[in-house]
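First up is the structure itself, then whatever we jot down about it.
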Amino acid sequence: MEQLRKDLAGKCNYPDLLELYREKYEKGEEVYFKTDHHWTTLGAYYAYREILCSLNRESEILPMEEFERLSVSDRFFGTFWSAGGMKSVSPDRLELWCRGNESAFCVEADGEPLDGLYNLDYLDQKDKYSVFLDGTHDVVTVKRKDGEKRETLLIFKDSFANALAPFLCQHFDLVLLNLSSQRRDFTDLSFWAKEYGADAVLLIYTVGNVINTDKMNRLQ
């Protein structure tokens, strides 16, 4: 993390969430799942706030009270639980934060329409985190159905961005490109920014992927 801070200093906005999450965790807030590597919806909300601040849109941040926090599963067992043999560890609770306007968005994945921001069918499956944006796709777009003209935020991402999208789509049209794709190469950020007419670019990539893949070295 320290190396990232040094390498990115002065080159781009870097919302540094580490100390914020430590502070929230010490206060008893569940910002990450205990059985999974992803942040919780609460953790994603805090990331959303910091991202809007980094884009100089702090005045647009929606307060927590704008959302209804729906507990959709209290039996979420994530990847750490599955890989670590921690059978005695209790499950996590999975929440969806809904503002009430979810039906206002048109969501497409790899050119095919989705039913919306959430696929509730996954709640009956092992991979419950895929409730967000129907899991992993190479290209996902989120726009308003009424055609309202908004700025486009291009997100180069791994699965962490899936829980973040329902917050960010309140302010932007979204294009999410799967940086971890085995089928397509999205490492030429400049090309894709022009291709989609992006007004802003956001990179969401967990430190594990930064360390264990070559994607960061190939970014242009």
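No lab work stands behind these numbers, since they all come straight from the coordinates. No experiment lies behind these values; they were computed from the predicted model shown. A quick note on method: Cβ atoms are made from the backbone with ideal geometry, for glycine too, and the neighbour counts reach across all protein chains shown.
Quick one: compute the contact order of region 128-173, relative version, from alpha carbon pairs under 8 angstrom and 6+ residues apart, as a percent. All intermediate terms of the calculation are to be shown ahead of the outcome.
Numbers: 25 pairs, mean separation 24.0, N = 46.
After rounding, I find 52 percent.
The mean of 1/r over all pairs of different alpha-carbon atoms in region 1-54, once inverted, gives a Kirkwood hydrodynamic radius of 12.2 Å. A run of the chain free of exposed loop cleavage sites, with GluC sites (Glu not before Pro) counted only in DSSP states other than H, G, I, E and B and at most 14 other beta carbons within 10 Å, reaches its longest extent at 30-147.
Region 104-145 and region 160-220 have their alpha-carbon centroids 17 Å apart. How large is log10 I(q)/I(0) at q = 0.17, 0.18 Å⁻¹ when the Debye formula is applied to the Cα atoms of region 104-204, each weighted equally and without solvent? Debye intensities relative to I(0), on a log10 scale: -0.73, -0.81. In terms of its Cα atoms, region 2-218 spans 50, 43, 39 Å along the principal axes, sorted from long to short.
Per-residue Cβ neighbour counts within 10 Å put CYS169, CYS53 in the sequence CYS53, CYS169, beginning with the fewest.
Per-residue ellipticity at 222 nm from helix content only, as computed over the chain with -39500 (n - 2.57) for each DSSP H run of at least four residues, stands at -6500 deg cm²/dmol.
Based only on other Cβ atoms within 10 Å, what is the fewest-to-most ordering of ILE51, ILE61?
Values: ILE51 23, ILE61 17.
The order, fewest Cβ neighbours first, is ILE61, ILE51.
Here HIS37, HIS137 are placed in order of increasing Cβ neighbour count within 10 Å, fewest first, which gives HIS37, HIS137.
Just add up the charged neighbours of CYS98: K/R +1, D/E -1, any other residue whose Cβ is under 12 Å from the Cβ of CYS98.
Details: positive: ARG69, ARG99; negative: GLU66, GLU68, GLU95, GLU102.
That works out to -2.
Pairwise inverse Cα distances across region 16-139, averaged and inverted, put the Kirkwood hydrodynamic radius at 16.1 Å.
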